[in-house]
Amino acid sequence: MTQRLNAAGLGSLPPEIRRPAYDRKAVTTGIVHLGIGAFHRAHQAVYTDDILAADGRWSIVAASLRSPDTADALGPQDGLYTVSVRSREGESLRVVGAISRVIVAPEAVDELLRVMSSREVRIVSLTVTEKGYCHDPATGALNETHPDIVHDLAEPRRPRSAPGFIVEALRRRRAAGIAPFTVLTCDNLPSNGRTVKQVITRLAELHDPDLGAFVAAQVACPSTMVDRIVPATTDEDRVRIATALGATDAWPVVTEAFTQWVIEDHFPTGRPAWEAAGAEFVADVEPYEHMKLRLLNGSHSTLAYLGYLSGYETVADTMADSAFETLVTDLMDEEVTPTLHMPPDADLASYKRALVERFKNPALKHRTWQIAMDGSQKLPQRLLGTVRDRLDRNASIDRLALGVAAWMRYVTGTDEAGQPIDVRDPMAVRLRSLADGTSDPAGLARALLGIREIFGDDLPADPRFTRAVIGALGRLYEAGARRTVAGLA
């Protein structure tokens, strides 16, 4: 039986496997991370792993807010896991040790709050996906009727949501005279630092106006832009990586060579020197955020919905169809790029060329179904902000509207062959109910456009938008996704 990856076995790994270049027993916890998913382990934890040899104050205690799966996988491995970087040239492996332990929040509420409230913790970071902020994606405001927020208002000392844990830990620190930690969101939200500040300030205010004023005045929430494609790990990945390691890793992560992290430099109680690992600290993240959300994420979602409906399992499969490559290239060049306002030294042309090559990477099995998850939370950031900017200029939105229409077709829950789609979305029941209540594309579009949390009040009232979406949805039903995309090429 193959040995399990763990601290005792690091020395027996093959020499080509990179491993932590520091004494893991000598480092101390400086970061608590909420949302221990694959993206954090392939991105922020790698940057942190790179700097721990020079500064051991920033080890990570990670928390799962829902499932114990990651804790169950990494616990027997002493928090160690493998990062597989895959490209056309091959695969490289490294073992990351930045995560000292994983706490399952529902099973250890008090322990997680104790760690978050400790003086040595100076940053609480998050990758909880858009839905984890319990906010209205169209406005950025706290959704005060969200079930987790209702729970946290009723039982603030036993929080369930990420904002609830942050606010309760900040309350405890304030009561103990300990400076607040910096809240560092690494999720794809517009103005993500300002959004999380708005959410936690309002929740704190609902608990106690004085606490709300304290959070508003004292808690730093720098914005960030993160970029790395991290598909779901497969059993095939686990077998291949175990063979290379000579040890079993229950949950490795697979990613691409490209990685980017742009961070607003506002950390009152200190931060790691992530710039030594390649992060970029700037005064204003917003231009980079728009670049990534609109070019990468907007294109990704468009490819996911149209690709899935066309029968393509992965993004690389989708991009192998030349009509889809043309679609995404024209979307970026003609409809997205004119809405961006980048610093003079930003090379958008190179970034877009790199995106196309990243999407075409056959070594990354990034499933269209995975990217299609949680579309109700993603559309406002990835596509609708661009739509609004284009409409303000009275400019065309044909490809953007097709992406929105493809989402509408997808969330009906039935594909073009009449087979069920496993729609994973916080609004899945509501979306399906609206779809079941209509019998034609125009009716479906109007029903879904009525969801204010997604589309706001302005877009459903703008005939330029509604005509474009209804027309695109009609073509998807009449001709199918592949023929519709081919018709644009």
(request) Output the residue which, of all residues in the range 75-110 that are at pLDDT 95 or above and assigned to a loop (DSSP other than H, G, I, E, B), is surrounded by the fewest Cβ atoms within 10 Å (Cβ to Cβ). (result) ALA108
(message) Against the conditions (1) more than 22 Å from VAL336 (Cα to Cα); (2) surrounded by fewer than 20 Cβ atoms within 10 Å (Cβ to Cβ), where does PRO441 fall short? Just the number, please.
(response) (2)
(message) Show the residue pairs meeting these rules: Cβ distance below 7 Å; 6+ apart or different chains; first residue within the range 335-347 and at pLDDT below 95; second residue assigned to a helix (DSSP H, G or I).
(response) HIS341/PRO287; MET342/PRO287; MET342/MET291; MET342/LEU348; PRO343/PRO287
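Just a yes or no: is a residue in the range 119-132 at positive phi and β-branched (Val, Ile, Thr)?
Taking the range 119-132 and keeping what is at positive phi, we get 129.
Okay, now just the ones that are also β-branched (Val, Ile, Thr), so 129.
Yes, the conditions are met somewhere in the range 119-132.
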(message) Take the conditions surrounded by fewer than 23 Cβ atoms within 10 Å (Cβ to Cβ), part of a helix (DSSP H, G or I), of a type in the set (D, E, K, R) and out of contact with any Asp or Glu (no Cβ under 9 Å at 6 or more places or on another chain) and apply them to ARG390. Does it pass?
(response) no
(request) Give just the number: which of (1) part of a helix (DSSP H, G or I); (2) surrounded by 22 or more Cβ atoms within 10 Å (Cβ to Cβ); (3) of a type outside the set (Val, Ile, Thr) does ALA216 not satisfy? (result) (2)
(request) Please verify whether the range 414-428 includes one or more residues that are assigned by TED's automatic domain parsing to the domain that holds ASP458, part of a helix (DSSP H, G or I) and within 27 Å of the chain's Cα centre (by Cα). (result) yes
(message) Suppose we filter the range 126-168 for residues that are of a type in the set (Ser, Thr, Tyr), assigned to a loop (DSSP other than H, G, I, E, B) and at pLDDT 95 or above; how many remain?
(response) 3
(message) Looking at the structure I just gave you, is LEU34 surrounded by fewer than 23 Cβ atoms within 10 Å (Cβ to Cβ) and within 16 Å of ASP187 (Cα to Cα)?
(response) no
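Yes/no matrix, rows are residues, columns are (1) over 30 Å from ALA401 (Cβ atoms); (2) in a helix (DSSP H, G or I):
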| residue | (1), (2) |
| --- | --- |
| ASP237 | yes, yes |
| ILE241 | yes, yes |
| TRP261 | yes, no |
| HIS266 | yes, no |
| GLU289 | no, yes |
| LEU293 | no, yes |
| THR302 | no, yes |
| LEU306 | no, yes |
(request) Taking only the range 332-362 into account, find how many residues are within 20 Å of the chain's Cα centre (by Cα) and of a type in the set (Ser, Thr, Tyr). (result) 1
(message) Among the listed residues ARG452, ARG424, identify the single one that is touching a residue at least 24 places away in the same chain (Cβ under 8 Å), under 12 Å from THR412 (Cα atoms) and charged (D, E, K, R).
(response) ARG424
(request) Determine which member of the set ARG172, ARG194 is within 30 Å of SER299 (Cα to Cα) and basic (Lys, Arg). (result) ARG194
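Here is a check on your reading of the model: is VAL121 surrounded by 19 or more Cβ atoms within 10 Å (Cβ to Cβ), under 24 Å from the mean Cα position of the chain (by Cα), hydrophobic (A, V, I, L, M, F, W, C) and not in a helix (DSSP H, G or I)?
On the way: surrounded by 19 or more Cβ atoms within 10 Å (Cβ to Cβ): yes; under 24 Å from the mean Cα position of the chain (by Cα): yes; hydrophobic (A, V, I, L, M, F, W, C): yes; not in a helix (DSSP H, G or I): yes.
In short, yes.
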(request) Say whether the condition of being out of contact with any Ser or Thr (no Cβ under 9 Å at 6 or more places or on another chain), of a type in the set (Asp, Glu) and in a helix (DSSP H, G or I) is met by at least one residue in the range 64-74. (result) yes
(message) Between LEU355, LEU364, which is touching a strand residue (DSSP E or B) at 6+ places or on another chain (Cβ under 8 Å), surrounded by 15 or more Cβ atoms within 10 Å (Cβ to Cβ) and in contact (Cβ under 8 Å) with a residue 60 or more places away in the chain?
(response) LEU364
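Within the range 455-465, restricting attention to residues that are touching a residue at least 60 places away in the same chain (Cβ under 8 Å) and part of a loop (DSSP other than H, G, I, E, B), which residue is nearest to HIS146 (Cα to Cα)?
GLY456
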(message) With the structure loaded, tell me whether THR314 is in contact with a strand residue (DSSP E or B) (Cβ under 8 Å, 6 or more places away or on another chain), on the phi < 0 side of the Ramachandran plot, in contact (Cβ under 8 Å) with a residue 12 or more places away in the chain and surrounded by 14 or more Cβ atoms within 10 Å (Cβ to Cβ) or whether it fails that test.
(response) yes
(request) Being hydrophobic (A, V, I, L, M, F, W, C), at pLDDT 95 or above and within 22 Å of the chain's Cα centre (by Cα) is the filter here, so list the residues in the range 268-284 that pass it. (result) TRP274, ALA277, ALA279, PHE281
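The values are calculated or read from the model by the stated rules, or taken from the named source; none is laboratory data. Remember, predicted model here, so these are calculated numbers, not experimental data. Glycine also receives a Cβ, built like all others from the backbone with ideal geometry; neighbour counts cover every protein chain displayed.
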